[in-house]
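Everything on this sheet refers to the single structure shown next.
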Amino acid sequence: MAEGSTGREALDIARREICDVLLLDIAMPDQSGIDTLRTIRQGQPDLPVLILSGYPAQQYALNLFKMGANGYLNKECEADELITAVRTVYQGRRYVSSQVGELLAQSFDRDPNTALHTELSDREFQVFLRLARGATVSDIGTALSLSIKTVSTYRTRIMEKMGLQSNSDLTYYAMKNNLLD
């Protein structure tokens, strides 16, 4: 067993140690758990990764599953659920909590003929358009009088609601749907 307190330490552990399961948080110093997961998936696609985070599942879970996470749990979960999740991902399966299962079920309710951007709130749509035009998170924060963290949260929600992976996907979607000048 090894422990790291930063994203880079987690990468080092995953690279040099034989890990059965890697527990990752989203918020880590020097490199986020999202970036760490992305890097791990490039070099070790079969390493079971369980995300254990303080963020609500609706903000990150679905995107993290798309990025290759094997499970997602909130830090407030019971110890028994954590043990079950670790065992499940160790066996090569995905662990889906009841909360994440509900999010997945809701994603199937979406009308396929409805444009994805119409499901965004007004503020999310504002952030979406600025991101699609190439604005940085800090530029958007300044323009809309929001903190960088708030803009990042909006970005994550937008990506999740629209099923997109990157800012270039946002730009492509906006151009395809004639949302940019």
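Take the residues of segment 148-181 that are small (Gly, Ala, Ser) and assigned to a helix (DSSP H, G or I): which is surrounded by the fewest Cβ atoms within 10 Å (Cβ to Cβ)?
Of everything passing the filter in segment 148-181, Ser168 is surrounded by the fewest Cβ atoms within 10 Å (Cβ to Cβ).
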Worksheet item: Out of the residues in segment 110-120 that are under 15 Å from Glu160 (Cβ atoms) and open to solvent by 50 Å² or more (accessible area, probe 1.4 Å), which is modelled with the lowest pLDDT?
Response: Arg110
Worksheet item: For segment 81-95, how many residues are open to solvent by less than 100 Å² (accessible area, probe 1.4 Å) and polar (S, T, N, Q)?
Response: 2
Item to complete: Count, please, the residues in segment 28-51 that happen to be loosely packed, with under 12 Cβ neighbours inside 10 Å and within 22 Å of Arg94 (Cα to Cα).
Response: 4
Worksheet entry | Only one of Ser98, Ser138, Ser145 that is on the phi > 0 side of the Ramachandran plot, among the small types (Gly, Ala, Ser) and open to solvent by 50 Å² or more (accessible area, probe 1.4 Å) | Ser145
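I'd like to check something: does segment 140-150 contain any residue that is in contact (Cβ under 8 Å) with a residue 60 or more places away in the chain and either under 26 Å from Leu103 (Cα atoms) or more than 19 Å from the chain's Cα centre (by Cα) (or both)?
No: zero hits.
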Worksheet item: For segment 61-95, what are the residues that are more than 24 Å from Ser166 (Cα to Cα) and hydrophobic (A, V, I, L, M, F, W, C)?
Response: Cys77, Ala79, Leu82, Ile83, Ala85, Val86, Val89
Worksheet, complete the sentence: Residue count, segment 122-131, condition open to solvent by less than 50 Å² (accessible area, probe 1.4 Å) and either within 19 Å of the chain's Cα centre (by Cα) or more than 15 Å from Asn167 (Cβ to Cβ) (or both), comes to 4
Worksheet item: For segment 14-25, what are the residues that are under 20 Å from Tyr72 (Cβ atoms) and either free of Cβ contacts under 8 Å to residues at least 12 places away in the same chain or open to solvent by 70 Å² or more (accessible area, probe 1.4 Å) (or both)?
Response: Asp20, Leu23
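The values are calculated or read from the model by the stated rules, or taken from the named source; none is laboratory data. Being a predicted model, the structure only gives us computed values, none of them experimental. Glycine gets a Cβ as well: all are built from the backbone with ideal geometry, and neighbour counts include every protein chain shown. Accessible surface areas use protein heavy atoms only, side chains included; no ligands, DNA or RNA. Shrake-Rupley method; radii C 1.70, N 1.55, O 1.52, S 1.80 Å.
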